[in-house]
Amino acid sequence: MANEIYTITLAVNSDDYQLEVEAQWTLADVLREKLGLTGTKTMCNEGGCGACTVLIDQKPVLSCLTLALECEGKNILTIEGMADPATGELHPIQTAFVEHSGMQCGVCTPGMILTAKALLNDNPNPTEAEVREALAGNICRCGNYKRIVECVLAAAEMMRGGNWNA
Amino acid sequence: MAGGVDLISLMKDGVVEPKALVNLKTIQDLTYIREDAEGLKIGALTSIDEIENARVIKDKYTMIAEAAHSVASPQVRNMATIGGNLCQEVRCWYYRRSPVTGTSFYCLRKGGKHCYAIAGRNEYHAIFRTGKCFAVCPSDLAPALIALEAKVKVARLDGERVVPLERFYTPLGNILEPDEIITEILVPAQPPDSKQKYLKFRLRKSIDFAISSVAASIIAESGRITKARIVLGGVAPTPYRAIRAEEVLKGQMITASVVEASAKAAVKEAKPLSLNAYKVPITEALVKRAIVG
């Protein structure tokens, strides 16, 4: 199986990329090594930390345990696709993380933000408990959970109040 | 490969080295949750997330929803399937020890002669000696489904068989032949007055595997228990049916002393290893709470 090369098309952040991948490459490998999208972090590399979370068809999944080959025909969103591509304006969740000190070392941040995006798509007005529940699979080794939860609640408020369409 | 969560980890660690993978997700129509007069039918490719959120499961098969919700993290529940949850390998650190991170152990489960947990670090290992391997079955759904008398449909190219989930597990794995897959999980309809509870103890509530878990299904007529099934997870190489605990309950009203006696009976045969005796009182307490509901 190893070293067999397949040509696939991946839709990442609304752009199509034609790529040659090996069967055993994970989506995280391909995003980071082939596409240079190093915003997606790999920490534990075994499904226990959530740092590599991306959205596939709007659902948070672990890119370190997803084979790139399986992602053809699906919409992949990474942290690089969160800001407005035309203006560079940050997504409200990103803005909230900046304004409310959501990151310390920053390694868990992309995964936190993407998981939060999926939550707020489904539930624009979550309770604190619902935010904690949604972020249960994202580990912050700095222990910044309290502020991270505040950021998501602040972002939810911003998004409910504003005319943000993303 | 279905969700791939377990298999890709095992491949990364070099524990398994398949020459080829077959993507089961290309099989049509194995993702469904249906209910009819016989009971519940769940397609093997249904995700844990779909199971924990299905209305019919939340309403009538609550223990399955509780067990599904307790699995790993939201991301894993989006990816992992029920078939994979039932077939996942043990998490024993001797079995999983990676050539990438250090020496690997040619343990009993890999065809070797010894279970390294017996003389080694065994705080998360089995407290019931049902075989020579002391790794524990990590599935949350298996104890819940066995307590509800679920069966699995197993298919191969030229036929299929239906097996009670209770008899699916063997001390070193399961009964699947290399050319077989699970296609469906069948749960019999539950009487309207049945009580179900799945409880799980783990170190971090957000993500961990069970240190110990208990699935209890209790049916009573005018307060007297006519049938009880109590299945423990995380404490033996397979889901462990606490038959002694069930026998104590049968024909009784649920009183404090009956509950106490049943929970004691559940762990009567426990023989902990050097570092995991703490799992015995935890299991006993969980049994009590699960019975009371």
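Remarks
To keep it simple, each residue is scored yes or no on (1) assigned to a helix (DSSP H, G or I); (2) more than 22 Å from the chain's Cα centre (by Cα); (3) assigned by TED's automatic domain parsing to the domain that holds B:Ala65; (4) charged (D, E, K, R).
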position: B:Leu10; (1), (2), (3), (4): yes, no, yes, no
position: B:Lys19; (1), (2), (3), (4): no, yes, yes, yes
position: B:Lys25; (1), (2), (3), (4): yes, yes, yes, yes
position: B:Thr31; (1), (2), (3), (4): no, no, yes, no
position: B:Leu40; (1), (2), (3), (4): no, no, yes, no
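- Of the residues making up region B:54-64, those that are touching a residue at least 12 places away in the same chain (Cβ under 8 Å) and either within 14 Å of chain A (Cβ to nearest Cβ) or assigned to a helix (DSSP H, G or I) (or both) are B:Val56, B:Ile57, B:Lys60, B:Thr62, B:Met63, B:Ile64.
- Listed by position, the helices (runs of 4 or more DSSP H) contained in region B:65-136 that have at least 1 residues being among the basic types (Lys, Arg) and either surrounded by 19 or more Cβ atoms within 10 Å (Cβ to Cβ) or outside the structural domain of B:Ser47 (by TED's automatic domain parsing) (or both) are B:74-79, B:93-96.
- Flag if B:Pro239 is over 17 Å from B:Glu123 (Cβ atoms), in contact (Cβ under 8 Å) with a residue 40 or more places away in the chain and touching an Asp or Glu at 6+ places or on another chain (Cβ under 6 Å): no
- Selection from region B:203-226 of residues that are over 14 Å from the mean Cα position of the chain (by Cα) and either assigned to a strand (DSSP E or B) or outside the structural domain of B:Thr255 (by TED's automatic domain parsing) (or both): B:Ser217, B:Ile218, B:Ile219, B:Ala220, B:Glu221, B:Arg224, B:Ile225, B:Thr226
- So B:Val154, is it touching a Lys or Arg at 6+ places or on another chain (Cβ under 8 Å), within 14 Å of another protein chain (Cβ to nearest Cβ) and crowded, with 21+ Cβ neighbours inside 10 Å: no
Residues are listed down the side, and each one gets a yes or a no for (1) at positive phi; (2) among the aliphatic types (A, V, I, L, M):
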{"residue": "A:Gln58", "(1), (2)": "yes, no"}
{"residue": "A:Glu89", "(1), (2)": "no, no"}
{"residue": "A:Thr109", "(1), (2)": "no, no"}
{"residue": "A:Arg141", "(1), (2)": "no, no"}
{"residue": "A:Asn144", "(1), (2)": "no, no"}
{"residue": "A:Ala156", "(1), (2)": "no, yes"}
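- Inter-residue pairs, beta-carbon under 6 Å, first within 7 Å of chain A (Cβ to nearest Cβ) and in region B:67-81, second assigned to a helix (DSSP H, G or I) and buried (at least 24 other Cβ atoms within 10 Å of the Cβ), 6+ apart: B:Val76/B:Val5; B:Met79/B:Val5
- Any hit, region A:97-110, residues being crowded, with 24+ Cβ neighbours inside 10 Å, in the same structural domain as A:Ile148 (by TED's automatic domain parsing), touching a residue at least 60 places away in the same chain (Cβ under 8 Å) and under 9 Å from the mean Cα position of the chain (by Cα): yes
- In region B:88-116, the residues that are in contact with a Leu (Cβ under 7 Å, 6 or more places away or on another chain) and modelled with pLDDT of 95 or more: B:Glu89, B:Cys115
- Taken together, the residues in region B:180-210 that are of a type in the set (D, E, K, R) and within 29 Å of B:Lys41 (Cβ to Cβ) amount to 6.
- Residue in region A:17-33 that is under 19 Å from the mean Cα position of the chain (by Cα), assigned to a loop (DSSP other than H, G, I, E, B) and within 13 Å of another protein chain (Cβ to nearest Cβ) present: yes
- Residue in region B:36-44 that is within 18 Å of B:Ala142 (Cβ to Cβ) and of a type in the set (Lys, Arg) present: yes
- Evaluating A:Met82 against the criteria (1) in contact with a Leu (Cβ under 7 Å, 6 or more places away or on another chain); (2) among the hydrophobic types (A, V, I, L, M, F, W, C); (3) surrounded by fewer than 24 Cβ atoms within 10 Å (Cβ to Cβ) leaves one unmet condition, (1).
- Members of region B:163-175 found to be surrounded by fewer than 17 Cβ atoms within 10 Å (Cβ to Cβ) and either part of a loop (DSSP other than H, G, I, E, B) or in contact with a Leu (Cβ under 7 Å, 6 or more places away or on another chain) (or both), listed by number: B:Pro171, B:Leu172, B:Ile175
- Residues of region A:34-73 satisfying the condition of being within 12 Å of another protein chain (Cβ to nearest Cβ), surrounded by 17 or more Cβ atoms within 10 Å (Cβ to Cβ) and in a loop (DSSP other than H, G, I, E, B): A:Thr42, A:Asn45, A:Glu46, A:Gly47, A:Gly48, A:Cys49, A:Gly50, A:Ala51, A:Cys52, A:Thr66
- Subset of region B:42-52 [within 14 Å of chain A (Cβ to nearest Cβ) and assigned to a strand (DSSP E or B)]: B:Ser47
- Of the candidates A:Leu153, A:Leu114, A:Leu119, A:Leu77, the single residue that is in the same structural domain as A:Lys41 (by TED's automatic domain parsing) and not hydroxyl-bearing (Ser, Thr, Tyr) is A:Leu77.
- Number of residues in region A:121-159 that are within 14 Å of another protein chain (Cβ to nearest Cβ) and not acidic (Asp, Glu): the value is 19.
- Residue in region B:4-15 that is among the charged types (D, E, K, R), in contact with a helix residue (DSSP H, G or I) (Cβ under 8 Å, 6 or more places away or on another chain) and more than 11 Å from chain A (Cβ to nearest Cβ) present: no
- Residue that is nearest to B:Leu176 (Cα to Cα), among those in region B:82-99 that are out of contact with any helix residue (DSSP H, G or I) (no Cβ under 7 Å at 6 or more places or on another chain) and within 12 Å of chain A (Cβ to nearest Cβ): B:Arg91
The values are calculated or read from the model by the stated rules, or taken from the named source; none is laboratory data. Owing to the predicted nature of the structure, the values given are computational and were not obtained by experimental measurement. Quick reminder, even Gly has a Cβ in these numbers, built from the backbone with ideal geometry, and neighbours come from all protein chains shown.
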